[in-house]
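Everything below concerns the one structure shown next.
Throughout, read-outs are computed from the coordinates displayed, never taken from laboratory work. All figures in this text were calculated on a predicted structure; none of them were measured in a lab. Using ideal geometry, Cβ is built from the backbone for each residue, glycine included, and neighbour counts are taken over all protein chains shown.
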Amino acid sequence: MGFYGYALVSLQSATRVAALYTSASSAASTDVATACSYAVEELKSNINMASISTCGGASPVNVTATQITGPDGTPAAQVVVTYTTAPLFAFPGVLSGQITVSRIVQMRIRG
């Protein structure tokens, strides 16, 4: 279970770092390629991420970055990072051995 806990913590960190980048300016708010590179770098220590350098497709990580209106009415960046863990072991009726989790972070655009 520690592996899954670590995957969740690193996913949250990856999403936060990508959102921090996209909130730098309106132009950066939709820069999926750079947000992906930040997220992938944060997830590198997970066992199925060692050789991964891209998002989407066959990659276990997918990133979206959009500009939204924040709760205070100002422009904000929203990043969604979805990560699929490496298949490990299953607990029948509890855990299938592989999980897919998404995290969403929104930050006000600073620039």
Round to the nearest 0.05 the FRET efficiency obtained for Ala24 and Ser96 when R0 = 41 Å and r is the Cβ-Cβ distance. 0.60
Run the dipole for the chain about the Cα centre, Lys and Arg Cβ at +1, Asp and Glu Cβ at -1, nothing else charged, and hand back the magnitude in debye, nearest 20. 100 debye
So, in nm, how far is label Leu88 from label Ser51 when the simple model puts each one 7 Å beyond its Cα toward the Cβ? 2.2 nm
Run lengths n ≥ 4 of DSSP H only: what is the helix-derived mean residue ellipticity at 222 nm for the chain, with -39500 (n - 2.57) per run over all residues, to the nearest 500? -10000 deg cm²/dmol
